[in-house]
1. Sketch the reach of a paramagnetic label on residue A:499 as a point 7 Å from Cα along Cα-to-Cβ, and name the residues of the range A:462-491 whose backbone nitrogen lies under 15 Å away.
2. Rank these for me by crowding, A:248, A:203, going from fewest to most other beta carbons within 10 Å.
3. Across peptide B:68-76, how many C-beta atoms of other chains are within 10 Å of each residue C-beta, on average?
4. What whole number of Å gives the distance from the Cα centroid of the range A:26-98 to the Cα centroid of the range A:391-446?
5. Let me know the shape class of the range B:1-129, please: from the alpha-carbon gyration tensor, a ≥ b ≥ c as square roots of the eigenvalues, rounded when a/c is under 1.5, otherwise prolate if a/b is greater than b/c, or oblate.
6. Say each of residue A:229 and residue B:140 gets a label point 7 Å from the Cα, pointing the same way as Cα to Cβ; how far apart are those two points in nm?
7. Can you list, bin by bin at 20 Å, the percent of alpha carbon pairs in the protein assembly as shown, starting at 0?
8. If the chain between residue B:39 and residue B:173 were fully stretched, how many nm would it gain, using 0.36 nm times the residue separation less the Cα-Cα distance?
Ligand SMILES: Cc1ncc(C[n+]2csc(CCOP(=O)(O)OP(=O)(O)O)c2C)c(N)n1
Ligand SMILES: [Mg+2]
């Protein structure tokens, strides 16, 4: 039998055995015993400056690696501060284990100091959650938490631990066997449906792959690429799916949806077979459902049975892990006789059609001599990255332009808050990503609004000497909201103006690192290069033209073929 | 439509909250919900009746199967089953109509569980629609008060309960070395 140890040490023992090398957290009264064990440095603890950012940083770590991200907070306000991050991870299916402290068991329910019903509050913010009131349960629960977070459709799991559990003494037995009789993980995919999928693929003259974050979650980028090459089908990747297939791959069209490209949305509108892989037919992609892929049969592969048929009933439903299902499809495809001459000719015509759409309506390449266009900022960052850098973003216009214009030639280089769209995500997620990938150049591209939600983390960046390049796309507005007011509320701008943005150079200097401001298009490239060459953290405030709108745009409730391609006056000329 | 779901649930803290939480979060209207023990003290059975668009029935089952503590949710809507509910009805009635009321209650299989000069308390079980009728009829005799149990259902064909077997995982073998930390050994903390 192992030595007698405290619950807090037992927790660290569990975390180490789960392979945790770093975690992001913020301490408090009830987690003191845990920090007393962390003092011995078996696990690197990174002190963030706000608990919400502990989850975002853990997400950055998880999104960059596929490993479980770990964060920690104290009871009451510490735990409630985690909730936005937990929901963010839930919406984007990111594996997170969150540890929170709770008041002692005998105080639970008494409105004790810093007591909050963390278990109740986070029920709908997590994939699963636990309240640990007995030390004997602790190792089992912690190991279960990692298992649940990382298997099936990944997600956040919270473990709320009462203070007396941290302080109790017991013997640690590693728990390698997990028994959750009601936790079903579907992996293999139905063999008959897989055959039917291959049959439909062979018969289709206008196939289109609609790929999402599920491919990255499954770690199936390689299998996916093989699938694309075997079928030679064109591919659209959702905001969450970007980087699954390299952006430079000849079959990749672009992102579809509300701010997707003309070619991607038209391809969706005209395809006769939609191969939906690890996607959930989100409203930001589909627009009005009745107008989404109206001529297509649908093959839908997802690990979560509840996603299949939720928004669109597929002809071929396949519940399974893409890592297992794609190789089965690939095997059958490589054995199948090649398509007949008629189909082959139709497919060539289909690809020509898509190429033509792409050429006719590329993403806007606006430039100007007097002001920096947001698009040219993204193109410059793209040039410096060459598809190799990690890019995190915040939420808003800059996020959409970055998604449209920056290439990613390896999986997991693109880190963004998709489903929840949480402002304040860009900087802390870059912290997690840089810890996970010290070898990588990391850009945090953020808006002037979202950046100001995460300024406290500049201190974390400085304290840890993280060479993150923060690029603020400063349009002086809560740009995306301003865009909607301009387009749909008669330009009656209200509550969107961001006056008094701090001086970036002084702000960075206040934290002991470098910063600069650029306003002139002619100085942009050099300023970005300086930031990248500089060995430490860098804050670059890029003032861009304030009134630019992101196009194409599918107005809310519209079909995705009903895109607005540019500002009102230009629109008539470009009308479809 | 009224969808009848029979659900087996691990008897763990918060299990009930997870099920009701999923239903409200997804916007499904709960018509009734009952929960009770099964032969296995670790497992509870719920009968849930939701009022839902028929196109959504499958989605309801899939969503409600998702919580880790839900062992199995089964749609009994179109399956051979018996559905029963209990109602307790207190009726205030005038002296003159007591006899007629009792006769009427008997037709529904009602049982008088309390009688006073004011009126009666009557217990009745039956299919939920039958209880609606009974309550309507009692209402014609005077002021009534009603407590209903919510529907309980049992499938008439045995269903195999498919449980997940234990899973073996590889854990890293490294272990934390113990440090001679005075505060920890004494179990004190801030
Ligand atoms: C926490 C949070 N609050 C509000 C919103 C709504 N919202 C979406 S985009 C946006 C504007 C963001 O402005 P900024 O950070 O400057 O980025 P820009 O759109 O200008 O690029 C707002 C307020 C949100 N997504 N998240
Ligand atoms: Mg802005």
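Read-outs throughout are calculated quantities, based only on the coordinates presented, and are distinct from any laboratory measurement. The shown structure was predicted, so the numbers you read here are calculated from the model rather than taken from an experiment. Cβ sites come from the backbone with ideal geometry, for glycine too, and all protein chains shown count toward neighbours.
1. A:476-478
2. On the way: A:248 11, A:203 14.
Placing the least packed residue first, the sequence is A:248, A:203.
3. Values: counts 13, 5, 3, 5, 3, 1, 0, 0, 0.
Across B:68-76, the average partner-chain Cβ count within 10 Å equals 3.
4. Computed from Cα coordinates, the inter-centre distance equals 19 Å.
5. Working: a/c = 2.79, a/b = 2.19, b/c = 1.28.
Prolate, because a/c is 1.5 or more and a/b exceeds b/c.
6. The answer from the label model is 8.0 nm.
7. In order of increasing distance, the bins hold 15, 42, 32, 10, 1 percent.
8. Working: separation 134, 0.36 × 134 = 48.24 nm, distance 4.02 nm.
Stretched fully, the residue B:39-residue B:173 segment lengthens by 44.2 nm.
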